[in-house]
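**Q** Before anything else, here's the structure in question.
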């Protein structure tokens, strides 16, 4: 996310919460209601006192928060900070045993939720877990005895755990990354300094607060600067500009396709009539960032920071188009071959800006210096995989130019191996995104019937385009791309009305990979030895399945993962 905590800072979030006591400026807005900073601090103190009485003796001071972006979310974050406790952000898109696993794995003895989410918890085995349902009279009555509590930060230290936030992956259960009070406070202060956040700013929090982006890059800097926070229950592209104007929002964060969805809303002649100054996030892309600034008059800054805090890249003046920036101060970042552990050579670009030596220059980003990674909760194997040979391995693919600027090339698990050549999905996506009918593109691997992978792409077509792919025009487009390597052209092309996304608006690559070419949407394919695309038929699918079966790779096809 680009936020970098400074090792010299020893402040706690609890101290930042206490500083708002007596501050009677409006500080928290939600659906037409407003609380002052003082009321937020008082509400946090009351909840902290309640939490201290509810936690069983000897239990880990952990509580799960299963809420939309309502005022109760930042109130409980602040309460946990005062109580020296930790919040596990529970993802409401998880279901059944997976949801129960997240709660039990993080040893939450209390789950704060709301009536809308109670059906998710029905029938789950959650022994020893107490529910607090915020939008009920019983909850309000619980808080009454603590109405006179004042914030007291002495229970917290900089090293006290505050966040247990789940990081997603392509396989296995999500890992709960640890973030201490000191790291979160320092990350907030770093962004305040970097972006010049002022006490009269209003931070619009429209990304889900169970995700690190909203808390670390949006809520924390607002708290550190004494700025206001405006909440959106759930992200809405159509409600974005309405909210920005209503709340006087000057700053927001985004992830995934959020910016693209905002740009897809009908344009108005007065779109630039808004108070926004800055948006900060990931995955908007240079084209959409420029379109956003042109339309709304607000700059978007793309950043990078591993969710766990082990590496960060900061954008600086002179950053080339397409690059994220250079290593943040204190980081020793390198792009290395994960097998040889040797640093990859600098990227070479053609006259059109295309990457010419991706096979050699793309590698995994590592931090060879000290870093603030604080581990995963109860997961030593994952910690060991993240920190190998004394380095922090981000799991992300990058390439670096001769001046040291870093370019994102995808997740390490988005690397494809086609005919013994390693390819990065993000590089192919950037090329396919030039197709004029494409509104969104995802590239991923499907197993090859013999060995390695084949390239598959999913295209969401722009509004007004033909409802299906024009195979001849698409093939001609591919031939016209000078930087599309001979092994990069997709074997399969799936066409969707809308790109499937996760709760954080990131493309749902896991689901796409698992479905592969056996899906309900139309799929076009280019049979081996042929240059033209044609619709994949049921007969074609049956023939492909037989080939996988004959080669003993049918299980890989069913699982949706290559070797």
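The values are calculated or read from the model by the stated rules, or taken from the named source; none is laboratory data. A quick note: this is a predicted structure, and the numbers were derived from the prediction, not measured. Please note: Cβ atoms are built from the backbone with ideal geometry, for glycine as well, and neighbour counts cover all protein chains shown.
**Q** Looking only at residues that are surrounded by fewer than 16 Cβ atoms within 10 Å (Cβ to Cβ) and over 19 Å from the mean Cα position of the chain (by Cα) in the stretch 153-186, which one is nearest to residue 375 (Cα to Cα)?
**A** 159
**Q** For the stretch 306-334, name all the residues that are in contact with a helix residue (DSSP H, G or I) (Cβ under 8 Å, 6 or more places away or on another chain) and within 20 Å of residue 286 (Cβ to Cβ). Lay out the reasoning, then the answer.
**A** Taking the stretch 306-334 and keeping what is in contact with a helix residue (DSSP H, G or I) (Cβ under 8 Å, 6 or more places away or on another chain), we get 307-310, 314, 321-322.
Within the stretch 306-334, 314, 321, 322 qualify.
This table checks each residue for (1) modelled with pLDDT under 95; (2) in contact with a helix residue (DSSP H, G or I) (Cβ under 6 Å, 6 or more places away or on another chain).
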{"position": "98", "(1), (2)": "yes, no"}
{"position": "130", "(1), (2)": "no, no"}
{"position": "136", "(1), (2)": "no, no"}
{"position": "148", "(1), (2)": "no, no"}
{"position": "154", "(1), (2)": "no, no"}
{"position": "158", "(1), (2)": "no, yes"}
{"position": "171", "(1), (2)": "yes, no"}
{"position": "174", "(1), (2)": "yes, no"}
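**Q** Check residue 107 against each of (1) without any contact (Cβ under 8 Å) to a residue 12 or more places away in the chain; (2) at positive phi and name the one condition it does not meet.
**A** (1) is the only condition that residue 107 fails.
**Q** If you go through the stretch 296-303 one residue at a time, do you hit one that is under 28 Å from residue 20 (Cβ atoms), part of a loop (DSSP other than H, G, I, E, B), touching a helix residue (DSSP H, G or I) at 6+ places or on another chain (Cβ under 6 Å) and in contact (Cβ under 8 Å) with a residue 12 or more places away in the chain? Write out each step before concluding.
**A** Step one: of the stretch 296-303, the residues under 28 Å from residue 20 (Cβ atoms) are 298, 301, 303.
From what's left, part of a loop (DSSP other than H, G, I, E, B): 298, 303.
In the following step, the residues that additionally are touching a helix residue (DSSP H, G or I) at 6+ places or on another chain (Cβ under 6 Å) were identified as none.
Within the stretch 296-303, none of the residues are under 28 Å from residue 20 (Cβ atoms), part of a loop (DSSP other than H, G, I, E, B), touching a helix residue (DSSP H, G or I) at 6+ places or on another chain (Cβ under 6 Å) and in contact (Cβ under 8 Å) with a residue 12 or more places away in the chain.
**Q** Under the condition of being under 20 Å from residue 70 (Cβ atoms) and in a loop (DSSP other than H, G, I, E, B), which residue from the stretch 110-146 is nearest to the chain's Cα centre (by Cα)?
**A** Among residues in the stretch 110-146 that are under 20 Å from residue 70 (Cβ atoms) and in a loop (DSSP other than H, G, I, E, B), the one nearest to the chain's Cα centre (by Cα) is 114.
**Q** Which numbered condition trips up residue 395, out of (1) in contact with a helix residue (DSSP H, G or I) (Cβ under 9 Å, 6 or more places away or on another chain); (2) more than 28 Å from residue 175 (Cβ to Cβ)?
**A** (2)
**Q** Also, quick follow-up: Is one or more of the residues making up the stretch 16-34 touching a residue at least 12 places away in the same chain (Cβ under 8 Å) and at positive phi?
**A** Within the stretch 16-34, one or more residues are touching a residue at least 12 places away in the same chain (Cβ under 8 Å) and at positive phi.
**Q** What's the number of the condition residue 70 fails, among (1) under 21 Å from residue 30 (Cα atoms); (2) within 22 Å of the chain's Cα centre (by Cα); (3) crowded, with 24+ Cβ neighbours inside 10 Å?
**A** Single failed check for residue 70: (3).
**Q** Could you pull out the residue among 538, 520, 542, 489 that is modelled with pLDDT of 90 or more and either within 29 Å of residue 360 (Cα to Cα) or surrounded by 18 or more Cβ atoms within 10 Å (Cβ to Cβ) (or both)? Step through it out loud before you land on a result.
**A** On the way: 538 fails: either within 29 Å of residue 360 (Cα to Cα) or surrounded by 18 or more Cβ atoms within 10 Å (Cβ to Cβ) (or both); 520 fails: either within 29 Å of residue 360 (Cα to Cα) or surrounded by 18 or more Cβ atoms within 10 Å (Cβ to Cβ) (or both); 542 fails: either within 29 Å of residue 360 (Cα to Cα) or surrounded by 18 or more Cβ atoms within 10 Å (Cβ to Cβ) (or both).
The unique qualifying residue is 489.
**Q** Anything in the stretch 396-410 that is in contact with a strand residue (DSSP E or B) (Cβ under 8 Å, 6 or more places away or on another chain) and surrounded by fewer than 18 Cβ atoms within 10 Å (Cβ to Cβ)? List them, or say none. Walk me through how you get there before you give the answer.
**A** Narrowing the stretch 396-410 to residues in contact with a strand residue (DSSP E or B) (Cβ under 8 Å, 6 or more places away or on another chain): 396-401, 404-410.
The answer is 401, 404.
**Q** For the list (1) at pLDDT 95 or above; (2) in contact with a strand residue (DSSP E or B) (Cβ under 9 Å, 6 or more places away or on another chain), I need the number of the one condition that residue 241 fails.
**A** (2)
**Q** Would you please name the residue that is nearest to residue 94 (Cα to Cα), looking only at residues in the stretch 518-536 that are part of a loop (DSSP other than H, G, I, E, B) and in contact with a helix residue (DSSP H, G or I) (Cβ under 7 Å, 6 or more places away or on another chain)? Write out each step before concluding.
**A** So in the stretch 518-536, the residues part of a loop (DSSP other than H, G, I, E, B) come out as 518-522, 526-533, 536.
Keeping just the survivors that are in contact with a helix residue (DSSP H, G or I) (Cβ under 7 Å, 6 or more places away or on another chain) gives 518, 531-533.
On the way: 518: 24, 531: 42, 532: 41, 533: 37 Å.
Restricting to residues being part of a loop (DSSP other than H, G, I, E, B) and in contact with a helix residue (DSSP H, G or I) (Cβ under 7 Å, 6 or more places away or on another chain), the top hit is 518.
**Q** Starting from residues that are farther than 20 Å from residue 195 by Cβ and touching a residue at least 60 places away in the same chain (Cβ under 8 Å), keep the ones in the stretch 247-282 and report whichever is surrounded by the fewest Cβ atoms within 10 Å (Cβ to Cβ).
**A** 264
**Q** Only one of these is out of contact with any strand residue (DSSP E or B) (no Cβ under 9 Å at 6 or more places or on another chain) and either under 24 Å from residue 181 (Cβ atoms) or buried (at least 19 other Cβ atoms within 10 Å of the Cβ) (or both): 124, 82. Name it. Explain how you work it out, then say what you get.
**A** On the way: 124 fails: either under 24 Å from residue 181 (Cβ atoms) or buried (at least 19 other Cβ atoms within 10 Å of the Cβ) (or both).
Every option except 82 fails the conditions.
**Q** Now a separate question. State all residues of the stretch 365-376 that are surrounded by fewer than 21 Cβ atoms within 10 Å (Cβ to Cβ) and farther than 13 Å from residue 312 by Cβ; if no residue qualifies, say none.
**A** 368, 374, 375
**Q** Here is a follow-up. Between residues in the stretch 455-470 that are over 19 Å from residue 517 (Cα atoms) and residues that are surrounded by 11 or more Cβ atoms within 10 Å (Cβ to Cβ), which pairs lie under 7 Å by C-beta distance while being six or more apart or on different chains?
**A** Listed pairs, sorted by first residue: 462/437; 462/438; 462/439; 465/437.
**Q** Only residues that are in a strand (DSSP E or B) and either at pLDDT below 95 or surrounded by fewer than 18 Cβ atoms within 10 Å (Cβ to Cβ) (or both): list them for the stretch 456-484, please.
**A** Keep residues of the stretch 456-484 that are in a strand (DSSP E or B), which gives 456-461.
Correct list: 460, 461.
**Q** Next question, about the same structure. In the stretch 342-358, what count of residues is obtained for those that are out of contact with any helix residue (DSSP H, G or I) (no Cβ under 8 Å at 6 or more places or on another chain), surrounded by 14 or more Cβ atoms within 10 Å (Cβ to Cβ) and free of Cβ contacts under 8 Å to residues at least 60 places away in the same chain?
**A** Of the residues in the stretch 342-358, 3 are out of contact with any helix residue (DSSP H, G or I) (no Cβ under 8 Å at 6 or more places or on another chain), surrounded by 14 or more Cβ atoms within 10 Å (Cβ to Cβ) and free of Cβ contacts under 8 Å to residues at least 60 places away in the same chain.
One line per residue, one yes/no per condition, for (1) within 18 Å of residue 252 (Cα to Cα); (2) at pLDDT 90 or above; (3) exposed (fewer than 14 other Cβ atoms within 10 Å of the Cβ):
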site: 289; (1), (2), (3): yes, no, no
site: 293; (1), (2), (3): yes, yes, no
site: 314; (1), (2), (3): yes, no, no
site: 333; (1), (2), (3): no, yes, no
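**Q** Still on this structure: Grab the strands (runs of 3 or more DSSP E) fully contained in the stretch 306-404, keeping just those with 2 or more residues being under 24 Å from the mean Cα position of the chain (by Cα) and closer than 18 Å to residue 179 by Cβ.
**A** By residue number, 391-400.
**Q** So residue 17 clears everything in (1) outside any helix (DSSP H, G or I); (2) within 27 Å of the chain's Cα centre (by Cα); (3) within 18 Å of residue 153 (Cβ to Cβ) except one condition, right? Which one?
**A** Of (1) outside any helix (DSSP H, G or I); (2) within 27 Å of the chain's Cα centre (by Cα); (3) within 18 Å of residue 153 (Cβ to Cβ), only one is false for residue 17: (1).
**Q** When you go through (1) touching a helix residue (DSSP H, G or I) at 6+ places or on another chain (Cβ under 9 Å); (2) more than 30 Å from residue 313 (Cβ to Cβ); (3) crowded, with 24+ Cβ neighbours inside 10 Å one by one for residue 52, which number turns out not to apply?
**A** Exception for residue 52: condition (3).
**Q** Please go through the stretch 64-109 and pick out each residue that is assigned to a strand (DSSP E or B) and over 14 Å from residue 134 (Cα atoms). Steps first, please.
**A** First, pick out the residues of the stretch 64-109 that are assigned to a strand (DSSP E or B): 64-66, 86-89.
86, 87, 88, 89, listed by residue number.
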